[in-house]
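Note sheet for the following structure.
The values are calculated or read from the model by the stated rules, or taken from the named source; none is laboratory data. It should be emphasised that the depicted structure is a prediction, and the values quoted were computed from it without experimental measurement. Quick reminder, even Gly has a Cβ in these numbers, built from the backbone with ideal geometry, and neighbours come from all protein chains shown. These area figures cover heavy atoms from the full protein model, side chains too; ligands, DNA and RNA do not enter into them. Shrake-Rupley method; radii C 1.70, N 1.55, O 1.52, S 1.80 Å.
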Amino acid sequence: MADAREIAGRFVEAFNAHDEDRIRALNPEDGVIEAPGDVRIEGKEGTTAYAMSWLNAFSDARVTVHTEIAEGDWVAQRFTFEGTHDGTLNSPAGEIPPTHRRLTGRGVQLLRVEGDAIAETQLYFDQVQVMTQLGLMPEAAEAPRT
């Protein structure tokens with residue numbers, strides 16, 4: 001059995017390779033992902049579909065892990081997601097057609113590993129940052145300096 005850090009690394013490699021079969025193999029039948037927008041998805045097919053929705057919407061998507069901390073069955077990763085929005089993104093608010101804009105977003109994911117699979121993912125990213133970079137909301141005004 002591989003350790004949690006190794007399984008987390010395999011997932012990042014599979015994601016960056018856009019390899020749906022490898023992603024699916026790392027998601028167990030009872031896997032769960034929770035993400036911004038009150039997203040909670042259960043099951044191998046659902047959790048795989050969530051990852052693929054990002055990869056299908058950003059054909060050149062890539063995650064770069066900057067910091068990784070492992071403790072027991074848990075791995076925390078601080079990462080940057082980069083890609084060009086050239087496909088439809090399925091979101092909690094509905095489908096977002098391609099904007100053809102570049103996204104560079106920061107995030108954190110907490111992964112709980114059981115055996116050789118990711119049993120649970122807690123994903124955190126700034127939805128406002130994503131929507132602003134895609135041109136779907138105006139950029140926030142700079143706060144006045146005091």
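The table below gives the values:
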quantity	calculated
Residue 62 being closer than 25 Å to residue 99 by Cα, modelled with pLDDT of 95 or more and either under 10 Å from the mean Cα position of the chain (by Cα) or open to solvent by 60 Å² or more (accessible area, probe 1.4 Å) (or both)	yes
Check on residue 113, aliphatic (A, V, I, L, M), touching a residue at least 12 places away in the same chain (Cβ under 8 Å) and not in a strand (DSSP E or B)	no
Test set (1) assigned to a loop (DSSP other than H, G, I, E, B); (2) surrounded by 15 or more Cβ atoms within 10 Å (Cβ to Cβ) - residue 84 fails condition number	(1)
Residue satisfying all of: in the range 87-110; open to solvent by 40 Å² or more (accessible area, probe 1.4 Å), assigned to a strand (DSSP E or B) and not polar (S, T, N, Q); farthest from residue 129 (Cα to Cα) among these	110
Filtered residues of the range 116-139 (kept if assigned to a helix (DSSP H, G or I) and more than 13 Å from the chain's Cα centre (by Cα))	128, 129, 131, 132, 133
Leading residue by the ranking (nearest to residue 106 (Cα to Cα)) among those in the range 21-39 that are open to solvent by 70 Å² or more (accessible area, probe 1.4 Å) and in a loop (DSSP other than H, G, I, E, B)	38
